[in-house]
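Each reported figure results from applying straightforward, stated rules to the coordinates on display, with no laboratory input. Computed from a prediction, not measured in an experiment: that's the story for all the values here. Cβ coordinates were reconstructed from backbone atoms using ideal geometry, including for glycine residues, and neighbour counts include every protein chain displayed.
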Amino acid sequence: MSGSLGGWIHKNSPIPITKKPDLNDPVLRAKLAKGMGHNYYGEPAWPNDLLYIFPVVILGTIACNVGLAVLEPSMI
């Protein structure tokens with residue numbers, strides 16, 4: 001199993017364990033210093049997801065629950 005993935009998964013492990021990042025790599029160090037260690041595409045989470053999407057999802061979930069509670073109280 002590890003041969004096809006280039007050694008990223010250790011052998012004889014019931015749970016796949018990924019390889020730890022090489023912190024001596026200058027490209028990785030530059031990305032971490034720039035604040036892009038978690039994001040490969042460079043798209044910031046603020047304001048795209050945090051401001052515009054999450055409140056819509058939260059309010060939609062609340063609206064669905066309130067709608068079900070009003071229309072069909074035994075369903076909740």
**Complete:** Two pseudo-spin positions, 7 Å from Cα along C-beta at L51 and at L32, lie apart in nanometres by 3.0
**Message:** Sorting check: for 54-61, 27-34, which peptide has the highest mean count of neighbouring beta carbons within 10 Å, and how do the rest follow?
**Reply:** 27-34, 54-61
**Asked** Where Lys and Arg each count +1 and Asp and Glu each count -1, what net charge lies around D25 among other residues with Cβ under 15 Å from its Cβ?
**Response** +4
